[in-house]
Every structure is written in C-alpha cells, then in structure tokens.
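The values are calculated or read from the model by the stated rules, or taken from the named source; none is laboratory data. Since this is a predicted model, take the numbers as computed values, not measurements. So basically every Cβ, Gly included, is an ideal-geometry build from the backbone, and we count neighbours across all protein chains shown. Calculation scope for accessible area: heavy atoms of the full protein, side chains included, ligands and nucleic acids excluded. Shrake-Rupley method; radii C 1.70, N 1.55, O 1.52, S 1.80 Å.
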Amino acid sequence: MIPTLEWTSEGVRFLDQTRLPLEEVYVLATSYQQVADVIATMVVRGAPAIGVAAAMGLALGVRNSSAANVPALAAEFETMCRTLAATRPTAVNLFWAIERMKQLFADVAGRPGATVGSVRDALIAEAQQMYDEDIAACRQMGAYGAPLLPQYGGVLTHCNAGALATCGYGTALGVIRAAVEQGHEIHVFADETRPFLQGARLTAWELMHDHIPTTVLCDNMAASLMRQGKIQAVVVGADRIAANGDVANKIGTYGVAVLAKEHGIPFYVAAPWSTIDLRTPNGEMIPIEQRSAREVTHHAGKQLTPNGVGIENPAFDVTPAKYVTAIITERGVLRPPYAESLLQPARAAAV
Ligand code: MRU
C-alpha cells in the first residue's frame, strides 16, 4: 500500500507529493500548523487525503497542547480548526473532517468528568478511524464501480484520484484497480493535468507501481484519442459534489466531460460520501481555489511566459450534472437525476 499519510508517535508522516516521481521523500509534521502548511503546499493533496490530514492535524494539535483544562483546550481547538480550514477551499472533505472532529470534541467535553486527556484520546482515535474508513470506502467504491468499466479497452482519467489522493487504494483509480483485479484488461490514459502535473507525476507513478499499463497524454490530446476510438470510459474523482449532482474536480475535468459526451463515452465520477455536499445546491455555489500564477508561469524553476502577461490559475472547474453518467460512491452507484438519487443512497446501491 502506498503510504500517503500516517499517524506516528512523533507526528503525522506524509509522502511528499511535490517531489514525486523522482524522489520518495517523507515529511514529518509535528504540529498542527505544519500539517496546515503541508496541505496548503500540496505535499499532501486530493480531497479525501486532505480531510484525514486535517483530522490528524487537529489530533496532533490537541496532543501537543499544554492547556490546563477542557475550556482552555476548547479555545485552542477553535484556532486549530480555523487554521486548518483556511488551507484549501474547494475540497469539502476538509470541512467535513473538521466538523466531525468539532462534533466529537463537543460530545466528549460534555460528558461528566471529561478531562483534557479524555478529549485528546478520543480525537486521536477518531482521526485514525477516519483513516481506516477512507480505505474501506475506496475499496467499496472499487467493488461497485469495477463492473462499469470495459472488459477490454482504454480508460481515461484526469488529475490523480488514486492512493495518493486518499489514505490508500483511491477513488477513480480504486475503481480501475478493482476492475484490473477482476480481470479487466484496461489500459489507462492519464491526462498530464497542467499546471501541477498530478497525472504525469502521480497517477503515472502509482499505476506503474502497481504494474497497470498506463500512457500519459498532454491535456490537449484527449479529444484526438477519443475520436480514434482509444477511450471506452472516463473515470475521475471529485472535490465537491453539489446537491444537484454538479461536480467540482481538477481544472480540465469539465472539458473532458464535454468531449466524452460528444464521443458517446461514459463519464463516471468516483467519490466517497464525504465529498457530497448537500448544503451546496449547485456547482455555481462551490468556491473555486485560485492558486499562485507562478504554477503557470514557471516549470521546474524555469520561466515559460513573458514578464507581466496575465495569468489564470483556477485549481478546479465544475462539470454540470448533465455530463455525468453515474456517481460511484461507497453507498452505491448513483444515476441521474442526482437531485433525487443523492438523497436515496441505500436504494441506489441496488441499481
Ligand atoms: O489540487 P489537488 O491535487 O488536490 O486536486 C485533486 C483532485 O482534483 C482530485 O481529482 C480530487 O481531489 C479527488 S481525489 C480522490
């Protein structure tokens, strides 16, 4: 299993994704501020991994605290939550995880005889449980999603929704992994994913690690490959799915979805339930992270563009629900209309 992140007695250990694929280097975060920094700088990235990293950051902050009593710890905990929530705005898993830890803090703190120690132990256990649940959810998505993929053929993915974006196995890549484990002969086409190159660097690295045949293509090549009949399905992850089924995912996903529809190729989204945000009615309401212009103007420290030129760098886009063939979750495969199926996950499992 690829060790994306791990709770240790010294702190939270992260595989540094900014250094892959050339170097496998680990970073140890020993404070919640360092965990926040690791999330903001994308040492760890991918919606589910960001959520669990934040939960571990909170557990670490509480473990390190010298607060004398529970009210003093609660005040510090508020600051920790605010710091971690300010790292990346689009992946709703971040806010879901913080909310879950806040809820637990309040529950444990409200029990008779609650102490700093009892709150600390509960939060550490919860963060580790979220880690285990994430892996289980990915495996379940794989089981539900694998039959949707072709027995033979090309599957295109965008960005990295793999083991590196989760606690292990992956969402979109988990579905691919499960299909391969079941004997599907799949060739993965990985969009390089400008500007941060998650596809070229991370998806290619982790699929090669598992000996799954993979070809990297520049983002602007997908249309041509689809037209040549090389792609039989698309499967991607998500950072936030609104109540109407609109999907925010890595910038470029929308274009892939439109192309898939034009070529009659199914477009699947694989995401855990923690990525579904029923409080956000549609994609227009999803906050889109804007990242530094330098990610576009420079590559490997080398300037690519003339000084002073205007730069766009939204990290995500929104794919309208009408382009999404199905949403694969750990509770089942959801089909349109999503405004209804997102409310009926148990029934959807039987679809
Ligand atoms: O900016 P990133 O690398 O965090 O973006 C990641 C993605 O867009 C993934 O597709 C998404 O988080 C799903 S990960 C299972």
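Can you give me the accessible area per residue for segment 241-351, using a 1.4 Å probe, in Å²?
Result: 49 Å² of accessible area for each residue.
Looking at the calculated P(r) for segment 1-157, what percent of the C-alpha pair distances fall above 28 Å?
Tail of the P(r) past 28 Å holds 26 percent of the pairs.
What's the center-to-center distance, using Cα atoms, between segment 152-174 and segment 210-273 in Å?
Here the answer is 11 Å between Cα centres.
Using the per-residue mean of other Cβ atoms lying within 10 Å as a proxy for protection, in what order, highest first, do the peptides 110-123, 48-61, 192-205 fall?
Result, highest mean first: 48-61, 192-205, 110-123.
Only Lys, Arg, Asp and Glu count, each charged at its Cβ (+1, +1, -1, -1), so figure out the dipole size of the chain about its Cα centre, rounded to 20 debye.
380
Work out the charge dipole of the chain with +1 on the Cβ of Lys and Arg and -1 on the Cβ of Asp and Glu about the Cα centre, then indicate which of VAL216, CYS138, VAL234 is farthest towards its positive end.
Toward the positive end, the furthest listed residue is VAL234.
Can you give the % of DSSP beta bridges in the chain that are antiparallel, to the nearest 5?
50
Just to be sure I understand the model, the point goes 7 Å from the Cα along the line to the Cβ. What's the resulting HIS299 to ARG227 distance in nm?
Result for the modelled spin labels: 2.3 nm.
Can you sort THR4, THR79 by 1.4 Å-probe accessible area, starting with the largest?
THR79, THR4
Highest first, please rank the peptides 180-190, 303-313, 161-171 by the mean number of other Cβ atoms sitting within 10 Å of their residues.
161-171, 180-190, 303-313
Give me the accessible area per residue for segment 5-139, probe 1.4 Å, as a whole number in Å².
With all protein chains present, segment 5-139 gives 40 Å² per residue.
Please give the peptides 24-35, 324-335, 283-294, 132-143 ranked by average Cβ packing (other Cβ atoms within 10 Å per residue), highest first, as a rough proxy for protection.
324-335, 132-143, 24-35, 283-294
Distance between the C-alpha centers of segment 293-324 and segment 70-103? Whole Å please.
A separation of 29 Å, based on Cα centres.
Grab the beta carbon distance between GLU262 and ALA67, set R0 = 45 Å, and tell me the FRET efficiency rounded to 0.05.
0.20
Name the residue from ILE98, VAL25, MET56 whose Cα lies farthest towards the positive end of the charge dipole of segment 5-139, charges +1 on Cβ of Lys and Arg and -1 on Cβ of Asp and Glu.
Value computed over the given set: ILE98.
Within the accessible area of segment 5-139, what % is carbon and sulfur when the probe is 1.4 Å and the other protein chains stay in place?
Summing carbon and sulfur atoms, their accessible area is 52 percent of the total for segment 5-139.
Identify which of PRO71, PRO320, PRO89 has the largest mean-square fluctuation in a Gaussian network model of the chain, with springs joining Cα atoms closer than 10 Å.
Maximum fluctuation in the GNM of the chain, among the listed residues, is at PRO71.
Expected output is a single nm value to one decimal: the length gained when fully extending between ARG111 and GLU312, i.e. 0.36 nm times separation in residues minus the C-alpha distance. What is it?
The ARG111-GLU312 span can extend by a further 67.4 nm.
Of LYS250/LYS302; LYS230/LYS322; LYS261/LYS302; LYS250/LYS322, which pairs sit farther than 26 Å apart, going by alpha carbon to alpha carbon?
The pairs that break the limit, which is 26 Å between Cα atoms, are LYS261/LYS302.
About the Cα centre, and with charges only on the beta carbon of Lys, Arg (+1) and Asp, Glu (-1), how big is the dipole of segment 142-253? Nearest 20 debye, please.
160
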